Amino acid sequence: MRDGATAIELATQACEIAEYKNAGNLKALAAAFAEDGQFTKAVGWQEKAIELVPNKDKPAQQAILKKYAAEEPLRVADFAPTE
């Protein structure tokens, strides 16, 4: 089951504890907003997360940003290896 509202609540709490300085928490918050259909907020939080990730991780995170901009939530299948 996916519960965007609960995910937003929990990810927000994690972000508050880390004072919005933890990229993983920001990425979770972005994913939660996307799951809840709030793609504008998802894009904003993903952009903030991208600012904090190491350069080597930026391309993958920018690909996720494109999904949110296209109003698509994140799915585990997005990370499945391709043949």
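Considering only the stretch 1-23, how many residues are touching a residue at least 12 places away in the same chain (Cβ under 8 Å) and of a type in the set (V, I, T)? Adding up the residues that qualify gives 2.
Note on the stretch 3-24: residues that are assigned to a loop (DSSP other than H, G, I, E, B) and surrounded by 15 or more Cβ atoms within 10 Å (Cβ to Cβ) amount to 2. Considered as a group, the residues in the stretch 25-51 that are in contact with a Lys or Arg (Cβ under 7 Å, 6 or more places away or on another chain) and of a type in the set (A, V, I, L, M, F, W, C) include one that is surrounded by the fewest Cβ atoms within 10 Å (Cβ to Cβ), and that residue is I50.
Select from the stretch 65-83 the residues that are at pLDDT 95 or above and either in contact with a Leu (Cβ under 7 Å, 6 or more places away or on another chain) or of a type in the set (S, T, Y) (or both) and write down the one among them that is surrounded by the most Cβ atoms within 10 Å (Cβ to Cβ). Only one residue fits best here, namely Y68.
The values are calculated or read from the model by the stated rules, or taken from the named source; none is laboratory data. In this text the structure is predicted, and so the values were computed from the model without any measurement. Note: ideal-geometry Cβ built from the backbone for every residue, glycine included; neighbour counts use all protein chains shown.
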